[in-house]
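Laboratory data are not the source of any read-out in this text; all were calculated from the coordinates shown. Not measured: the values here are computed from a predicted model. Glycine gets a Cβ as well: all are built from the backbone with ideal geometry, and neighbour counts include every protein chain shown.
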Amino acid sequence: MEYQEFIKSKQIVVSPSGFDIDPATINPMLFEFQRDIVRWTLRKGKAACFLDCGLGKTPIQLEWAHQVVQHTGGNVLILAPLAVAAQTAREGEKFGVHVTVCRTADDLRPGINIVNYERLHYFTPDYFSGIVLDESSILKAFGGQLRKEITEFASTIPYRLAATATPAPNDLIELTNHAEFLDVMSGKEIIALFFTQDGNTTHNWRLKAHARDDFWRWMSSWSVAMRKPSDLGYDDDGFILPPCNFHNQIVDVDAFQSGMLFAVEAVGLDEQRKARRASLDNRVEEAARLVNGNDEAWLVWCDLNDESAALAAAIPDAIEVKGSDTPEHKEDAMLGFADGRYRVIVTKPSIAGFGMNWQHCANVVFVGLSHSYEQYYQAIRRSWRFGQKRPVNVHVITSVADGMVTDNIQRKEKQAMDMFDNIVRHMSVTSDVHKTEHAEMVYAEDVATGEDWTLYLGDSIETIDKIESDSIGFSIFSPPFPGMYAYTNSAHDIGNSTHIDEMIQHFSYLVAPDKLMRIMMPGRMVAIHLMQLTAMKNRDGYIGVKDYRGRVIAMMEDAGWVYAGEVTIDKNPQIQATRNKERGLLFKTLATDSSLMRMALADYLIYFRKPGDNPQPIKAGVSSKYNPGAGWITEEEWIEWAAPVWYRMTKDYPGGIRETDVLNVRQARETDDERHLCPLQIGVIERAVKLWSAPGDTVYSPFAGVGSEGYVSLMHNRKFIGGELKGSYWRSAIRNLESAVRERGGRTLFSLMAAD
């Protein structure tokens with residue numbers, strides 16, 4: 001395949017997939033804003049509805065599904081949380097839409113069918129022309145394998161709708177679930193285009209300052225958000241919530257039982273768990289006093305199994321719903337509470353906090369909180385929703401030690417409100433939009449030059465053609481690691497690949513005989529820095545390791561390179577565990593299931609030689625009268641570097657590689673802009689440049705990033721040519737290369753030789 005043809009094959013084209021309908025065919029029982037949302041989502045074909053509780057997601061979903069059935073002559077599957085299926089079928093009867101509740105494929109009937117999420121494996125997608133995810137934010141509570149199954153199941157279904165009340169733009173798992181389910185964009189692309197690392201981790205992200213408006217516009221191109229009808233210019237009549245009165249009650253905690261000398265705010269998770277258990281009896285006693293004090297309906301939320309059991313024992317007419325209960329018991333309890341057969345229900349938000357309509361109940365009590373704002377919000381909105389006629393009283397019973405949990409919930413609440421403000425501001429349901437936007441970085445080419453350096457902006461597989469044959473003395477780079485990062489969402493980005501096979505195919509164009517092989521001097525080296533890759537449950541569906549190193553070695557050998565060797569680079573397992581949230585490295589996993597344990601993953605520098613004889617031998621161990629400190633290797637250094645492992649710096653080994661010694665975007669935090677996701681350590685580059693190049697040689701990096709390889713090369717009196725796809729990195733690299741020239745005093749090896 002020609003390269004341009006390959007690039008086109010990677011580009012995601014979101015074609016118009018929806019259809020328009022005659023407004024007169026829409027169910028007249030729907031409100032005006034609901035009818036407009038139905039039309040808008042049908043025109044999209046694939047869309048999300050982020051509508052607050054009680055705004056009618058269920059009738060919207062039912063009418064959407066009915067119209068898809070009418071248009072296609074096919075069938076629609078609705079996936080819903082437990083007990084919501086039966087409730088949706090009841091709602092369908094009100095609106096004249098028949099819905100078949102299914103447990104297996106044997107129950108399917110022509111038209112609209114609904115099933116619990118966990119029973120999806122009983123069905124095949126061929127039967128359906130439309131699919132609906134009801135309470136779609138619940139997906140992030142499932143394991144990675146089920147999320148993957150849902151997305152793959154829907155991938156061949158042309159019409160898709162996702163609906164939830166609480167989308168969270170800074171929760172990348174949830175945002176990725178929706179965007180990938182709708183074929184809008186992958187998680188890696190979302191990160192590359194709109195987010196940047198927040199701290200030295202691979203799991204905390206924040207919106208780039210300059211990308212915020214673009215982000216909200218992009219969200220509004222495939223989703224509609226509303227807290228109340230007037231958000232989008234409609235009349236709020238019938239959709240004004242009654243008051244919600246919050247009663248925060250703080251009970252005493254036994255400081256000794258909680259492991260503290262005094263009753264103070266618990267800081268870590270262990271402290272919080274101990275404090276929670278120490279105050280359990282007091283919190284349950286206070287909740288029971290409230291619930292047993294009248295004969296009204298009560299919704300009692302808890303967070304721990306012990307809380308649930310104690311509450312059920314303290315409230316005689318309560319029905320308890322636990323995770324271990326049968327689906328039949330859960331469904332009977334939740335529907336029975338809705339029907340008034342049970343006065344009090346005791347359960348967790350993670351079990352019954354999504355989808356149920358319990359407007360008959362105006363009394364809610366929390367006997368403990370988790371850190372999940374979404375669960376807290378959804379749990380309240382089971383009762384406090386449009387259609388509720390009475391003021392709702394929410395009692396939150398905590399102890400002094402729960403202060404950090406409460407603060408965290410309040411912070412997330414503000415974040416969610418800000419999110420809705422932004423997305424509503426960019427939203428227009430009545431606009432005639434016919435396709436979902438797949439925003440992609442604008443591809444551009446440019447070149448910058450300075451003293452002893454040249455830096456190309458663009459795809460290195462194309463800009464490499466501008467470099468002379470047999471002119472590069474050494475090449476060192478760190479390619480993207482598949483599955484970890486996408487530095488951009490451009491199809492030109494090697495890291496922006498759906499799987500490792502596609503990445504290796506893309507990578508192979510760069511190392512081909514007419515590309516990297518052509519520009520290298522015969523007999524000279526290419527050093528590639530990489531690491532093995534972890535397979536994660538929430539992304540890959542299993543826990544393990546992927547052999548990226550082996551794939552790259554095979555790719556290089558297939559292209560004609562000689563595999564010359566490798567060195568292992570030691571890594572700190574504690575940093576790796578913290579930065580990447582590696583369960584297999586955590587000590588506590590030893591106590592739970594040590595079969596999941598593994599050692600920390602090392603980095604590798606694998607090096608390859610271009611066939612042929614080196615025309616200019618590299619005398620790396622010979623000092624020079626011109627500049628003795630310009631990059632030659634001492635005997636002591638070689639004794640250390642000849643080892644198969646380059647160890648990291650510790651207090652007992654100060655000469656090792658310092659993991660944090662990286663060249664990064666220095667102004668990142670000041671400008672609220674992005675930093676390089678994974679810069680290569682300066683110490684590794686220095687050793688490689690000294691070993692495999694001579695002063696005066698030209699060093700090349702096709703993944704220049706912020707200029708790390710170029711900075712080190714210039715500091716050691718080499719020349720540098722680099723290529724970088726991402727404009728922000730390219731501009732930062734220019735500044736760093738200019739800085740290197742200044743730092744070395746502006747005196748190159750050539751000027752020193754001339755002066756001599």
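Using the per-residue mean of other Cβ atoms lying within 10 Å as a proxy for protection, in what order, highest first, do the peptides 57-68, 35-46 fall?
So the peptides 57-68, 35-46, ranked by packing, come out 57-68, 35-46.
Counting only Cα, what are the radius of gyration and maximum Cα-Cα distance Dmax of the range 70-109, in Å?
According to the Cα coordinates of the range 70-109, Rg and Dmax are 10.8, 29 Å.
Find the Rg to Rh ratio for the range 1-102, where Rh is the Kirkwood radius over alpha-carbon pairs and Rg uses the same atoms.
1.11
Of MET531, MET185, how do they rank once you tally other Cβ atoms within 10 Å and put the fewest first?
Fewest-to-most ranking of MET531, MET185: MET531, MET185.
Based on the mean of other Cβ atoms within 10 Å per residue, sort peptides 120-130, 633-643, 446-456, 731-741 so the most packed one is first.
Going from most to least packed, we get 731-741, 446-456, 120-130, 633-643.
Counting only other residues whose beta carbon sits under 14 Å from that of HIS98, what net charge do I get with K and R as +1, D and E as -1?
For residues surrounding HIS98, the net value is -1.
Any chance you could run the full-extension gain for ASP295 through LYS389? It's 0.36 nm times the residue separation minus the Cα-Cα distance, nm to one decimal.
That pair, ASP295 and LYS389, stretches by 32.0 nm at full extension.
Just rank VAL662, VAL224, fewest to most, by other beta-carbon atoms within 10 angstrom.
Lowest count first: VAL662, VAL224.
So how do ARG227, ARG289, ARG217, ARG381 line up by other beta-carbon neighbours within 10 Å, fewest first?
Lowest count first: ARG289, ARG217, ARG227, ARG381.
For the range 692-743, would you read off the P(r) tail past 13 Å as a percentage of all alpha carbon pairs?
In whole percent, the long-distance tail amounts to 50.
Would you mind counting up the charge near ARG283? Only other residues with Cβ under 9 Å from its Cβ, with Lys and Arg at +1 and Asp and Glu at -1.
Neighbour charge sum, excluding ARG283 itself: -3.
For GLN34, what is the net charge nearby, where nearby means another residue's Cβ is under 14 Å from its Cβ and Lys, Arg count +1, Asp, Glu -1?
Combined, the nearby Lys, Arg, Asp and Glu give -4.
Compute the length gained on full extension between GLN11 and GLU32: take 0.36 nm times their separation in residues and subtract their Cα-Cα distance, giving the result in nm to one decimal.
3.8 nm
Which of LYS546/LYS651; LYS8/LYS148; LYS46/LYS330 have a Cα-Cα distance over 29 Å?
In this structure, LYS546/LYS651; LYS46/LYS330 lie more than 29 Å apart at Cα.
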